[in-house]
1. Under a Cβ-only charge scheme (Lys and Arg +1, Asp and Glu -1), can you give me the dipole magnitude of the chain about the Cα centre, in debye to the nearest 20?
2. Arrange Leu67, Leu76 by Cβ neighbour counts within 10 Å, fewest through most, would you?
3. Could you give P(r) for the chain, binned at 10 Å from zero, as whole percent values over all Cα-Cα pairs?
4. What list of ³J(HN,Hα) values in whole Hz, one per residue of the range 79-91 in order, does the Karplus curve 6.51 cos²θ - 1.76 cosθ + 1.60 (θ = phi - 60°) give from phi, with Gly and Pro shown as x?
5. For Ala24, what residues show an amide H to amide H distance below 5 Å, using hydrogens built from the backbone and excluding near sequence neighbours?
6. Tell me which of Ala86, Ala11, Ala57 sits at the most positive position along the dipole axis of the range 1-107, charges placed on C-beta atoms (Lys, Arg +1; Asp, Glu -1).
7. Within 10 Å of each residue's Cβ, count the other Cβ atoms and sort Lys53, Lys94, Lys71 from fewest upward.
8. Taking amide hydrogens as modeled 1.01 Å from N in the peptide plane, which residues meet the under 5 Å criterion relative to Ser52, leaving out close sequence neighbours?
Amino acid sequence: MLNELYRKVAADPTVRSRIKFIAAAQGQDQEAAQMWKRFKRVPFAVVPDPDSKLGAAMNFSPYPVTLLVDKGGTVLWAHVGEFQDADRAFRQIKTAIREPGRRQVGANS
């Protein structure tokens with residue numbers, strides 16, 4: 001589902017110029033991160049995070065978590081869990097980009 005969301009973002013010129021996808025493989029070394037990338041056919045960068053420093057820095061521990069962070073480090077949108085609906089997540093991301101002061105939190109409901 002994350003790949004589907006990536007394709008939606010890449011197909012929308014107003015959104016793709018404002019978002020860069022990067023996956024942090026929390027608790028995983030380089031080999032495990034690249035294996036996951038190949039297995040899931042992930043079309044964007046996957047960086048290892050063997051010590052889960054990203055989760056500690058952003059103050060979250062459940063996995064997976066998807067964050068939309070602006071260049072200043074402000075979280076504009078967060079989604080906890082796997083995506084069930086890429087269309088819904090894409091709409092929420094577009095809203096977060098249009099209305100950056102209104103923090104969005106997605107969930108699997």
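Values quoted throughout were computed directly from the atomic coordinates according to the rules given, and no laboratory measurement underlies them. None of the values given here were measured: they were computed from a predicted structure. For neighbour counting, all protein chains shown are included, and Cβ atoms are generated from backbone atoms with ideal geometry for every residue, glycine included.
1. Details: 17 positive and 11 negative charges, 97 e Å.
The calculated dipole for the chain is roughly 460 debye.
2. Exposure proxy ranking, most exposed first: Leu67, Leu76.
3. 14, 46, 36, 4
4. For the range 79-91, the Karplus-derived couplings read 9, 9, x, 6, 6, 9, 8, 5, 4, 5, 4, 5, 4 Hz, x marking Gly and Pro.
5. Val47
6. Toward the positive end, the furthest listed residue is Ala11.
7. Values: Lys53 11, Lys94 18, Lys71 6.
Exposure proxy ranking, most exposed first: Lys71, Lys53, Lys94.
8. Hits under the 5 Å cutoff: Gly27, Gln28.
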